[in-house]
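In what follows, a single structure is set out as structure tokens and then discussed.
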Amino acid sequence: MSVRFSLIAALSTSNEITDEVKFAFEKAQVEANTTLFKKGVPKSVDVKEIGQLIDIKYSGNTTELKFESGTYTRAHDALFRFKKYVAPVLGSYHIGIRGIDVKKYKMTITGVPDNVRIPTLPFIESHELKNGELTLDLKVTSADLENKVPDRILKLIEEKIQSVSYGGKGEHWELVFASAPKPRLFTRDPTEEMVKRNWIRHGAARGQWIHGPQSVQLFRAFEQIVVEKIIRPLGFSEMIFPKLTPWDVWMRSGHAKGVYPEIYYVCTPKTRDPAFWEDVGDYFKVTGKVPVEMIRDKIDGPIGGLCYAQCPSFWPFVQGETLGTASLPVKVFDRSGTSHRYESGGIHGIERVDEFHRIEIVWLGTAEQTVAMADRLHEAYHHVFEEILELEWRCAKVTPWFMAQEGMVDTGKTPQTVEGGACGCGERVGTTDYEAYLPYSDNWLEFQNVSINGDKYPKGFNVKIQSGADCWSGCSGIGLERWTAAFLAQKGLDMANWPDNMKKLVGEPNEIFRFM
């Protein structure tokens, strides 16, 4: 893929450009093209790839400049370099630069697949994609250029091109360990069986379950296993992360690049004045219906959303801080509330829901410490799944979930790797998914993960380490619904088929409801 930039901008000046000033202008043009625009560019780069001021036109107090470039010293960067360079030259003639008016900006990208979706943005006035060449006519201001809008648009197009070739998580899945097959003790959908036995019932909202005492007993047993076999031995401390995530957090965490179709939005009332809301209450009293359209007019735009992924809400706690070397690695977890994710048409059973319960493990430290902790987690999960739950499971390296979410394919890093882990997975920046076999559907369910996120979150929230080393972080989400679905799909609801450890932890099912 290659790219060309073409920019026409007009400098408005305090006085008319005389012939003497024109000569100085054109002398500055030569100096810029031969020296100024080449600063910081490798000598091996073809001059055609470097920004050039190719034309100047004068009209009264306006000077029109045309720039062209490839990847280096892009046209808009060349414009501002030239402005800064020529300002003192004009000043010697008692002429000041009053402003910049962007007349035309064109970006041409070659090597673009026909099936790439071109973004709909106010900055893109028109576009044409023909024979692999994409031409974008941009409508931008000088402030937009200073804010690197063309660069961001190019990056967005590159991400969409990569997304087309990426094709989804399933194509980037590498098996690293599989347990031995286990006896087939149950072949029915566990959710259906739980409903029949009144262990769970649908909640009033979509993708939501009300968990009865028997289901909660399983949840608490899993929590106890996690605390006693994973969290406590590895030294994690409990925190409470907020469950309402404002835009600033998602901007810094990177979720703001693509989370919109999957979040539950949170809006606030324009006022708490009862008189402002009286007509809404009156309407309900008369009709028995909630007037949603009336409510829309009385709330402000969304301030963010309900917790989509638990760990981003943790990061403001350490935002802008430098962590002391003695405190590393920092190891915390949260289990204080529900997470919410709009699953569209993908809702199924208790394993794919809009409202779910998770224990989120987060750790941060040096790259070596972060990788080492991931390795210890792999060992702990291996022990739990093999020796305690006795599951048929496997684990695989996958493209990191946050990269897929943000349209990224790689981190641009060459992260270190370490060998080891009970499941044989050497770790680096990326995700390891754990999957359990579902006999009733002959499919595999992702029910656990371990992610090393590199410096993604520390950079986004400006977190540093006292020693000056790069700060890395990792996270691992333990979904109680997913663990329950995996366990019951293989063992069934008859406790006689459960491992002894689980029988003891869960105890006799607490049957308190008798429906007639």
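The values are calculated or read from the model by the stated rules, or taken from the named source; none is laboratory data. Quick caveat, the model's predicted, so the values are computed rather than measured. Every residue, glycine as well, gets a Cβ built from its backbone with ideal geometry; the counts of neighbours run over all protein chains shown.
A few notes on this one:
- Checked against (1) assigned by TED's automatic domain parsing to the domain that holds G70; (2) surrounded by 14 or more Cβ atoms within 10 Å (Cβ to Cβ); (3) touching a residue at least 40 places away in the same chain (Cβ under 8 Å), K182 passes all but condition (1).
- The stretch 48-93: number of residues that are assigned to a helix (DSSP H, G or I), surrounded by fewer than 13 Cβ atoms within 10 Å (Cβ to Cβ) and either among the small types (G, A, S) or not assigned by TED's automatic domain parsing to the domain that holds A28 (or both): 1
- Annotation note: Cβ proximity below 8 Å between a residue of the stretch 257-286 that is in contact (Cβ under 8 Å) with a residue 12 or more places away in the chain and a residue that is acidic (D, E) and not in a helix (DSSP H, G or I) (sequence gap 6+ or interchain) occurs for K257/E406; G258/E406; E262/E343; Y264/D354; C267/D300; T268/D300; P269/D300; K270/D300.
- Test set (1) closer than 30 Å to Q369 by Cβ; (2) assigned by TED's automatic domain parsing to the domain that holds P458; (3) modelled with pLDDT under 95 - R206 fails condition number: (1)
- Residue check, A275 under 30 Å from I465 (Cβ atoms), surrounded by fewer than 13 Cβ atoms within 10 Å (Cβ to Cβ) and out of contact with any strand residue (DSSP E or B) (no Cβ under 7 Å at 6 or more places or on another chain): no
- Residue match in the stretch 147-162 (condition: outside the structural domain of L438 (by TED's automatic domain parsing), in contact with a His (Cβ under 7 Å, 6 or more places away or on another chain) and in a helix (DSSP H, G or I)): yes
- Residue within the stretch 373-392 that is closer than 26 Å to H255 by Cα, in contact (Cβ under 8 Å) with a residue 60 or more places away in the chain and part of a loop (DSSP other than H, G, I, E, B) present: no
- Any hit, the stretch 127-149, residues being over 26 Å from the mean Cα position of the chain (by Cα) and touching a residue at least 60 places away in the same chain (Cβ under 8 Å): yes
- Every test in (1) farther than 30 Å from Y440 by Cα; (2) assigned to a loop (DSSP other than H, G, I, E, B); (3) among the basic types (K, R) is passed by R184 save one, and that test is (1).
- Those residues of the stretch 32-47 which are surrounded by 12 or more Cβ atoms within 10 Å (Cβ to Cβ) and over 24 Å from G60 (Cα atoms), in sequence order: N33, L36, F37, K38, V41, V45, V47
- Which numbered condition A326 fails, given (1) assigned by TED's automatic domain parsing to the domain that holds R482; (2) assigned to a strand (DSSP E or B): (2)
- Summed over the stretch 456-476, residues that are at pLDDT 95 or above, under 15 Å from the mean Cα position of the chain (by Cα) and either closer than 23 Å to W247 by Cβ or assigned to a helix (DSSP H, G or I) (or both) total 7.
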